[in-house]
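Structure, as structure tokens:
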Amino acid sequence: LAVLGWSSEASAQNVNVVQAQITRTLVSRDQASGPYDISYADCLSKDEFQFPVTVANLLGRNLEVWLGNTSADCTQSLQRQQINPVVCRRIFGPATVAQTGLQVSIGDRAIVDGLGITNCEDAAQLGNNVSLFFMLVGDPAENLDPSNVWKWTGTIVDLVGPLPPTGVSVGVGDAALLVDFTKSDATDIIGYRIYWDDGTGPAPTTPQPGQGSIVNGGAGGGTSTTTTTDTTTTTTLGGSWPPPPPPASDGGTGGAGGAGGAKGAGGTGTGGTTGAGGKTAAGGADAGTKDGGTSSDAGAGGSSATSTATDDAGVSAGPGCPVSKAVVQGRVPDPGYANFSQQAGPSTITGLTNGTAYAVGVVAYDKVGNVGQMSNVACGTPQPISDFFAIYRAEGGRAGGGCEVAPSRDGALAFTLAGAALLGLGLVVRRAPRSRARTSSRAKTPRGSR
Amino acid sequence: MNRSRTLSTAAALGLLAMAWPRAASAQASLALDTDWRRTERPTRSEKMASPQSIAFEARFGPYSPQIDTEPGLRGKPYEEVFGGGAQFYFGFELDWQAARIPWLGVIGPGLGWGYTHRSATAKVTATGQDSGESTSITIFPMYVSAVLRADELMRRTGVPFVPYGKLGFGFASWNTGTSAGASVSNGVAGNGLSYGLEWALGGMLCLNELDERSAASLDQTAGVNHVYLYGEWWRMALDGFGKDPPVMRVGTSTFTLGIAFDM
């Protein structure tokens with residue numbers, strides 16, 4: 001009887017949410033843009049989901065909301081109680097609720113936390129599908145009947161922007177730069193933003209989502225086979241640093257510099273003691289530009305890459321490039337930085353100033369608005385261009401300026417002739433039916449009657 | 001004076017041709033509306049044929065604008081920018097075969113439209129080096145002309161060859177630009193309209209003889225009387241009739257090929 005009674009109680013639980021009435025306090029996106037997804041910006045905000053919940057047959061139980069991934073079944077007590085690895089986390093409740101009129105507010109950040117992501121910037125995975133279980137729970141050890149639990153699977157946590165395009169290059173135009181690049185392979189890309197900076201743009205003031213940006217510095221230098229004892233790079237992410245154990249005494253080639261981080265601390269190749277030094281430390285943002293031609297002369301490493309963005313001195317991507325804080329490879333641009341053009345692919349930046357050097361980089365963005373890291377930075381200086389018409393005019397050509405027929409007597413004559421020809425055409429067209437009619441009537445008329 | 005006389009003569013000929021009093025478009029009507037009934041009696045296949053009143057041409061060929069021949073030019077800007085060679089041209093022409101001239105052929109007005117475009121890498125003014133931009137010229141050659149197709153030879157002898165000639169008024173809308181947009185030089189927009197005389201001489205090879213059964217079927221199903229391959233020497237003398245300031249001489253003298261249909 002007790003078993004039957006328990007079973008009856010469990011099956012009598014009832015929690016329901018009208019999906020169409022789920023709202024968010026700050027975020028409003030259309031259906032194609034993931035209206036219930038959580039982006040990096042959403043994570044940073046104080047946005048909350050509002051779930052209008054109706055419950056029935058409380059029977060002294062409390063309302064709880066548990067979060068798990070798509071394969072989790074938080075109705076099972078074992079999954080709710082499993083600590084390592086965590087399968088389900090409670091993100092709301094237990095709350096004593098009334099039968100009707102209940103509005104459950106769950107912050108975006110609570111959902112992110114429920115996935116074990118402690119900082120919005122830390123997320124490394126793309127698209128975490130989550131499941132929310134709205135349940136009436138009494139005994140923690142109780143397995144709940146799934147049919148009496150309302151499960152929400154409409155939210156995807158995506159805090160990381162798409163991978164950037166590659167091979168960004170610019171061509172010189174007249175007050176313009178023609179930007180070309182190879183599109184990213186990422187599947188969640190909606191479009192690209194082409195950023196430019198003449199060296200006056202500010203450094204990002206917001207934390208950087210994803211990995212390997214401001215806080216962590218650039219990726220370390222590539223593989224090195226040098227015998228150097230001078231190790232300068234302590235970059236912790238990316239690359240393959242520290243280098244493998246060196247061979248005996250033979251100087252080798254320094255590893256290529258890694259991509260610079262926000263603070264411009266690139267990995268470097270370190271020169272061998274006797275052999276050819278590491279060729280470049282070019283990956284470093286503003287520091288790693290030394291050729292490690294001799295033994296211990298290595299580019300500056302990323303050891304100081306823990307500075308914040310605000311004291312960033314900027315980065316020059318190469319000769320002829322301005323020192324830019326706003327457009328830096330590997331960095332996520334500041335949301336408030338307005339010098340960008342949103343495009344579906346390679347495009348032309350117009351409205352620039354001839355003679356001014358610009359750093360140009362491209363980022364990809366996804367449907368929820370996450371902006372990825374900056375591509376490689378290319379530079380260009382717009383210049384006046386001699387197009388065909390300019391050359392034609394410069395060499396004495398006098399045509400142009402639109403239709404020039406009307407002011408000329410000859411032109412007027414020519415158009416009169418054209419008009420006359422068209423008029424003649426019209427007359428002939430009008431004659432044709434009569435001719436046919438005449439022909440037809442003749443055909444019907446007996447020859448003798450003519 | 002001579003120019004005006006030439007124009008007047010051309011116009012008079014064109015209008016005369018188009019206003020030719022005998023509408024002879026329908027082959028079937030030949031026997032009913034002519035004084036040459038005995039000799040122009042239609043053949044059996046012509047009796048079976050659908051009425052013929054229009055001709056359509058699809059045209060292709062090289063196109064070399066004669067821009068560099070403009071009087072007063074100190075250089076050859078077209079050649080300097082786009083180099084030698086010709087650009088590809090394609091176009092269409094629609095003729096109304098309004099009248100038949102006995103023992104000669106059909107004559108009527110024709111309208112032609114075409115397109116040709118050429119581009120090259122623009123240079124940086126200061127250095128002469130290639131820029132990232134391209135520069136281009138786009139020309140839409142058009143004409144209104146009187147078209148005489150001497151098809152009586154084919155009709156009477158069976159030789160599948162139709163010589164023809166065209167004479168009319170040609171004009172072309174042109175525009176220049178770069179990959180960044182339309183060209184403007186010192187406030188002058190890089191576009192305009194050029195005009196002048198247009199004429200052509202050509203010959204058409206009738207393909208009906210190759211497969212008469214298919215040709216008859218095509219006529220019955222689509223109303224196409226004849227299918228031709230043709231070659232034509234074509235002259236667009238778009239010099240603005242000597243207008244000053246001149247128009248850009250975007251006309252050409254070229255050879256075009258194409259396919260034509262009588263319908």
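Readers should treat all values here as calculations from the given coordinates under stated rules, not as data from a laboratory. All figures in this text were calculated on a predicted structure; none of them were measured in a lab. Positions of Cβ are generated from backbone atoms using ideal geometry, with glycine treated the same way; all protein chains shown enter the neighbour counts.
The distance between label points at A:Asn14 and B:Glu79 comes to 9.2 nm (points 7 Å beyond Cα on the Cα→Cβ vector). Modelled this way, with points 7 Å down the Cα-to-C-beta line, the labels at A:Thr166 and B:Glu212 are 6.7 nm from one another.
Summing +1 for each Lys or Arg and -1 for each Asp or Glu among the other residues whose beta-carbon sits under 15 angstrom from that of B:Gly177 gives -1.
Computed extension gain for A:Thr353 through A:Gln31, at 0.36 nm per residue and net of the alpha carbon distance, reaches 111.9 nm. Normalised by residue number, the volume inside the convex hull of the Cα atoms of the stretch A:60-169 is 129 Å³ per residue.
When the pairs A:Lys325/A:Lys367; B:Lys76/B:Lys243; B:Lys76/B:Lys166; A:Lys183/B:Lys123; B:Lys123/B:Lys243 are compared against a 25 Å limit on Cα-Cα distance, A:Lys325/A:Lys367; B:Lys76/B:Lys166; A:Lys183/B:Lys123; B:Lys123/B:Lys243 fall above it.
Each other residue within a Cβ distance under 11 Å of B:Ala122 adds +1 if Lys or Arg and -1 if Asp or Glu, for a net charge of -3.
Charge tally for A:Gly107 (other residues, Cβ to Cβ under 13 Å; Lys, Arg +1; Asp, Glu -1): -2.
For the stretch A:32-187, a simple Cβ point-charge model (Lys and Arg +1, Asp and Glu -1, everything else neutral) yields a dipole of about 440 debye relative to the Cα centre.
The orientation-averaged shadow of the Cα convex hull for the stretch B:43-202, equal to a quarter of the hull surface, comes to 12.6 nm². Among the GluC sites (Glu not before Pro) in the stretch B:165-263, none sits in a DSSP loop with a Cβ that has at most 16 other Cβ atoms within 10 Å.
Of the residues A:Ser375, B:Ser253, the one with the fewest other Cβ atoms within 10 Å heads the list, and the complete ranking is B:Ser253, A:Ser375. Principal axis extents of the C-alpha atoms in the stretch B:180-234 (largest first, rounded to whole Å): 63, 27, 17. Ordering B:Trp103, B:Trp199 from the fewest to the most neighbouring beta carbons within 10 Å gives B:Trp103, B:Trp199.
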